[in-house]
1. With an 8 Å cut-off on Cα pairs and a minimum separation of 6 or more residues, tell me the relative contact order of the chain in percent.
2. Binned at 5 Å from 0, what are the whole-percent values of the Cα-Cα distance distribution for the chain, short to long?
3. Just to verify a number: FRET efficiency for Lys42 and His164, C-beta to C-beta distance, R0 = 41 Å, to 0.05?
4. Which of Leu125, Val155, Ala5 sits closest to the plus end of the dipole of the chain, meaning its Cα is farthest towards the positive end, when Lys and Arg get +1 and Asp and Glu get -1 on the C-beta?
5. For the chain, what is the charge dipole size about the Cα centre, in debye to the nearest 20, if Lys and Arg each add +1 at the Cβ and Asp and Glu each add -1 at the Cβ?
6. Between the alpha-carbon centers of segment 1-35 and segment 120-174, tell me the distance in whole angstrom.
7. Using only C-alpha atoms and all pairs of different ones, pull out the Kirkwood radius for segment 95-169 in Å with one decimal.
8. Just the number, please: percent antiparallel of the DSSP beta bridges in segment 1-113, rounded to the nearest 5.
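A short reminder: the numbers here are calculations on the coordinates, not readings from a lab. Since we're looking at a predicted model, the values are computed, not measured. Glycine gets a Cβ as well: all are built from the backbone with ideal geometry, and neighbour counts include every protein chain shown.
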Amino acid sequence: MSITAPPKDWFQAPSGHERVWLGMAFAWCIVLFIMMPLWHFKGKQNSTGESYATTPAAFSERVDRFVAANQVGTHNGTPIVEAPPGGDAYMLGRMWSWYPFLKLRVGETYRLHLSSMDLQHGFSLQPMNMNFQVVPGYDHVLTITPTQAGEYTVVCNEFCGIGHHGMIGKIFVE
Ligand code: CUA
């Protein structure tokens, strides 16, 4: 027979090197366990988890209104939209683009709404390397305050099909 049950007394408490390795792994688990809440409060880069239910159609309508009211230019054919300081900014992900591009000001705080029109995308802000999931049906709100002027790139870091590598957005901070 190819499969046989182990003997009844198969279990032996770890000892020697096995005990040391398990101890190290356990200690590292505890470090990571403590780091997660610590980084949430100290690192100031985590999402607060604020999100609302929406639909792609409803979110797209809000984005269109945002673009119509606040567009200040275009970049490679995509609208650049200046969000009102202290107000709402929108960016939607879809196969395979981010829409629209944003213009923000240093020191102002914005509520950035993210959602997807189709499937799961990943909002990765470069070069800061801040990463958030963008999921259809959820309006994920990030409270952000740009601290440095520059041109930031949003890349998709969730594989979403043939055009995934070209799914690149822009945020211009002045
Ligand atoms: Cu969107 Cu990958």
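1. Values: 317 pairs, mean separation 34.4, N = 174.
Computed over the chain, the figure is 20 percent.
2. Calculated over all Cα pairs of the chain, the distribution is 2, 8, 13, 17, 16, 11, 6, 5, 4, 5, 5, 3, 3, 2, 0 percent.
3. Values: r = 33 Å, r/R0 = 0.81.
The pair Lys42/His164 has a calculated efficiency of 0.80.
4. Selected residue: Ala5.
5. 260
6. 40
7. On the way: mean 1/r = 0.0776 Å⁻¹.
The Cα-based Kirkwood calculation yields 12.9 Å.
8. Values: 7 of 13 bridges.
Counting only bridges with both partners in segment 1-113, antiparallel ones make up about 55 percent.
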